[in-house]
Amino acid sequence: MLSHELSANKIKEKIIKREITAQEVVEELFDWINLKEPLIKAYLCLDKEGALLKAKEIDKKLSNGDKVGLLAGIPVAIKDNICTKGMRTTCASKILENFIPPYDAFVVKRIKEEDAIIIGKTNLDEFAMGSSTENSAFDITQNPWDTDRIPGGSSGGSAAVVTADMAFMALGSDTGGSVRQPASFCGNVGLRPTYGRVSRYGLVAFASSLDQIGPITKDVLDAALLLQVISGHDNYDSTCATLNVPDFITGIKHLDDGLKIGIPKEFFGEGLNIEIRNAIMDALKIYEGKGAKLVDISLPHSEYAVATYYIIATAEASSNLARYDSVRYGLRSQLSGDNIIDMYSRTRAEGFGSEVKRRILLGNYALSTGYYEAYYLKASKVRNLIRKDFEDAFEKVDCMVCPTSPTPAFNIGEKTTDPLQMYLTDIYTTPSSLAGIPGISIPCGFTSTDLPIGMQILGKHFDEEKILRVAKLFENETDFHLKKPNLIEPEPKKGIDI
Ligand code: GLN
């Protein structure tokens, strides 16, 4: 097996045992990236020089017998809406095309402290608004399992690089599903932590009552490792919990006696692809075989989650994105006009893509006088009902299992002309985002055309330990997470000459 094919935990072990140097890992990885990136187009920026410097530093520490961090020598990719000091952070938007942050996000600082090697920044839907990564102002990332298909979104670049072995692990952000859904489309593990578990300091804000940063990894143990590093209190994010962080890496090894898994009936209704349904049903049998009790539950208000989410998220986005005024950040239109209002509006007209503009308009509408009560206030009340549904259900069960997405990865261009169809793909991820609870997506099968299927496990607030354990229980019994795509340049399609 080539080094880049290993999991993060395994490559770390080899580096620490000095079976391979961090420098060799980085060099081999970049050779592979040079070969495969033109096919996948998942990176917006790569930093080989910085990666090699850090690798040498770690190799030196190891040869001196110095202590190394939890992520020693692991090459990590970062979604390009998370600030990296001295490294461009564009949010895949023209408005931030040349923005170089003067500071590291909390999560970036933490992974650097633990000796990870940051190799580059990954593509996303502009400002993380989307479900396919097609809203990027720069590139359309392709799904390594089928390059005619999207990798999911908005953290599509992070999911694609992990699948294509172009990074050992990656960070994504999840507002309404953007870590879990691309992880499911690309066959990875993707974890959205509880709201408050991980600091958002340095994450470019989209919808502040929903945004969370989470790991996208090759297996469950890697997700536990990365979550361990990025969790914890931070004075720079007032929504960040002051709770102690459990030891996820050890916690994952414990066994649950009398595990009760809830099956929310609303997540298995109309519109769910039959192959996905069958894969989840098979997975549930595996859990039953391991002694879990399956309990039918109901989340009656989840049918309103997509509508509620798209009111709250757009309202918050319209306010968060007001800061891009060409004075404090990023682009300033060359056609600035002769007054400040012209300068603002021309810059914003040039700098934002159409989906971002649509959301700013929707959000301003939902917040405007006369409509606020009918939209934003009402959505906030429905959000409480959705949250209460989860609280009630968690009285009866320890976790819930459901699909991550109603379909597997769709074709490039399939939904771009119909925003509502695109929004509906978030049907199974938005309810838990609104409730603020943690969720993990893990590979649980493949369709007949070899596209990955993701299964979501949802847990109580701050109970990441449980969902990681339940995920690991399934992973131990299956090998879906080990299957790799065939990353070969497709044969040119043979057409008929006319
Ligand atoms: N697809 C959802 C949206 O477009 C979720 C995005 C996200 O989680 N960042 O808003």
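The values are calculated or read from the model by the stated rules, or taken from the named source; none is laboratory data. What you see is a predicted model; the values in this text were computed from it and never measured. Neighbour counts are summed over all protein chains in view; Cβ atoms, including those assigned to glycine, are modelled from backbone coordinates with ideal geometry.
Inside the range 327-384, can you point out the residues that are hydrophobic (A, V, I, L, M, F, W, C) and at pLDDT 90 or above?
Filtering the range 327-384 for residues hydrophobic (A, V, I, L, M, F, W, C) gives 327, 331, 335, 340-341, 343, 349, 352, 356, 360-362, 366-367, 374, 377, 379, 382.
Across the range 327-384, the qualifying residues are A349, F352, V356, I360, L361, L362, A366, L367, A374, L377, A379, V382.
Against the definition (assigned to a loop (DSSP other than H, G, I, E, B) and either surrounded by 19 or more Cβ atoms within 10 Å (Cβ to Cβ) or in contact with a strand residue (DSSP E or B) (Cβ under 9 Å, 6 or more places away or on another chain) (or both)), how does S326 come out, yes or no? Spell out the reasoning first.
Details: assigned to a loop (DSSP other than H, G, I, E, B): yes; either surrounded by 19 or more Cβ atoms within 10 Å (Cβ to Cβ) or in contact with a strand residue (DSSP E or B) (Cβ under 9 Å, 6 or more places away or on another chain) (or both): yes.
The answer is yes for S326.
Which of the residues spanning the range 267-295 are part of a helix (DSSP H, G or I) and either modelled with pLDDT under 95 or hydrophobic (A, V, I, L, M, F, W, C) (or both)?
The answer is F267, F268, I274, I276, A279, I280, M281, A283, L284, I286.
Just to verify a result, which residue in the range 242-261, among those that are over 25 Å from the mean Cα position of the chain (by Cα) and not small (G, A, S), is surrounded by the fewest Cβ atoms within 10 Å (Cβ to Cβ)?
Top of the filtered list is D257.
Could you list all residues from the range 296-323 that are touching a residue at least 40 places away in the same chain (Cβ under 8 Å), of a type outside the set (A, V, I, L, M), part of a helix (DSSP H, G or I) and closer than 30 Å to F394 by Cβ?
Result: P300, H301, S302, Y304, T308, Y309, Y310, T314, E316.
For the range 3-11, state whether one or more residues are of a type in the set (S, T, Y), assigned to a loop (DSSP other than H, G, I, E, B) and free of Cβ contacts under 8 Å to residues at least 60 places away in the same chain.
no
Which ones in the range 24-35 are surrounded by fewer than 19 Cβ atoms within 10 Å (Cβ to Cβ) and of a type outside the set (F, W, Y)?
E24, E27, E28, D31, N34, L35
Looking at N135, N98 in this structure, which one is part of a loop (DSSP other than H, G, I, E, B) and modelled with pLDDT under 95? Before the answer, list the steps.
Details: N135 fails: modelled with pLDDT under 95.
Of the residues listed, the single one that is part of a loop (DSSP other than H, G, I, E, B) and modelled with pLDDT under 95 is N98.
Report yes if V306 is within 16 Å of the ligand (Cβ to nearest atom) and under 28 Å from P408 (Cβ atoms), otherwise no. Let's see the steps before the verdict.
On the way: within 16 Å of the ligand (Cβ to nearest atom): yes; under 28 Å from P408 (Cβ atoms): yes.
Answer is yes for this residue.
Which residues, taken from the range 338-365, are away from the ligand (no atom under 14 Å from the Cβ) and hydrophobic (A, V, I, L, M, F, W, C)?
I340, I341, M343, A349, F352, L361
Tally up the residues in the range 433-474 that are within 16 Å of the ligand (Cβ to nearest atom) and either surrounded by 24 or more Cβ atoms within 10 Å (Cβ to Cβ) or among the basic types (K, R) (or both), please.
11
Residues in the range 167-216 that are within 15 Å of the ligand (Cβ to nearest atom), assigned to a loop (DSSP other than H, G, I, E, B) and not aromatic (F, W, Y): how many?
14
Out of all the residues in the range 387-432, which are within 16 Å of the ligand (Cβ to nearest atom) and assigned to a helix (DSSP H, G or I)?
P419, L420, Q421, M422, Y423, L424, T430, P431, S432
Going residue by residue through the range 229-249, is there one that turns out to be farther than 18 Å from I437 by Cα, in contact with a Lys or Arg (Cβ under 8 Å, 6 or more places away or on another chain) and at pLDDT below 95?
No, every residue in the range 229-249 fails to be farther than 18 Å from I437 by Cα, in contact with a Lys or Arg (Cβ under 8 Å, 6 or more places away or on another chain) and at pLDDT below 95.
Given the residues D342, D338, which is the only one that is in a loop (DSSP other than H, G, I, E, B) and without any contact (Cβ under 8 Å) to a residue 24 or more places away in the chain?
The conditions single out D338.
Collect the residues in the range 21-66 that are of a type in the set (D, E), closer than 30 Å to S93 by Cβ and not in a helix (DSSP H, G or I), keeping them in residue-number order.
Scanning the range 21-66 gives a single hit, D47.
Mind telling me which of the residues T122, T89, T133 ends up being free of Cβ contacts under 8 Å to residues at least 60 places away in the same chain and within 16 Å of the ligand (Cβ to nearest atom)?
Working: T122 fails: free of Cβ contacts under 8 Å to residues at least 60 places away in the same chain; T89 fails: free of Cβ contacts under 8 Å to residues at least 60 places away in the same chain.
After ruling out the rest, the residue left standing is T133.
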